[in-house]
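Working notes, beginning with the structure itself.
The values are calculated or read from the model by the stated rules, or taken from the named source; none is laboratory data. Just so it is clear, the structure is predicted and the values come from calculations on it, not from any experiment. Reconstructed Cβ throughout: ideal geometry from the backbone, glycine too, with neighbour counts over all protein chains shown. Side chains are part of the model used for accessible areas, which takes the heavy atoms of the whole protein and leaves out ligands, DNA and RNA. Shrake-Rupley method; radii C 1.70, N 1.55, O 1.52, S 1.80 Å.
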Amino acid sequence: MVLLLVCVQSFAGYFIEQTYEDVPAKDSLSPISFGGELAFAYYLNSVHPAILLSGELRLHKHHSADLFGVALFSGDYIEVGANWRFFFRGLREDDFLRLGVSFVSFERENKSYFPPRVTFGYGRDVLFFKNASFLCRLEFLASYIIGEPLFEKDGIFYREANFSVALNIGFYLF
């Protein structure tokens, strides 16, 4: 915990000796940001927690692209893909729409599958401090796997799901 606090204080531009109102605002649209998210995906009638790592490039004040990787804690699948985000106001603290394309990797009956997935979402980036170089991201996502579905063996039967929804809570440095 102490190491995390030292890293945030060193790299995030948050100075304890200045009050929130006294900190001068700076241009917060840096072109590159990176971070991670805790994801809660819902499919097959249960919630599956996951970790997501991402690197994002701000192409324009209203557009960004990122590459990401996701691993579920349960080991059901891993996912690698790319996202495009449209920011409504063009600010660092802003609402956005997300459109993503990825490939999901999982095994079923000793065979590996890599079906594509499309994702649509809505989210918000939140800055907690005026001069900070980090933000919190909250996203709601809906996705559809094209082709071979995710599955769960229930006795001798398989339950399958192509559609999933997720809530992601992230922390990004820029």
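Summary table
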item: Pair V165, R124: separation of 7 Å Cα→Cβ label points (nm); result: 1.8
item: Spin-label model distance (nm) - Y144 vs L72, 7 Å beyond Cα toward Cβ; result: 2.0
item: Accessible area of K111 in the full protein assembly, 1.4 Å probe (Å², nearest 10); result: 120
item: Heavy-atom accessible area order for L138, L150, largest first, 1.4 Å probe; result: L138, L150
item: Where chymotrypsin sites (Phe, Trp or Tyr not before Pro) fall in DSSP loop in the stretch 34-85, at most 15 other Cβ within 10 Å; result: F73
item: Cα-derived Rg over Rh, computed across the stretch 52-174 with Rh taken as Kirkwood radius; result: 1.04
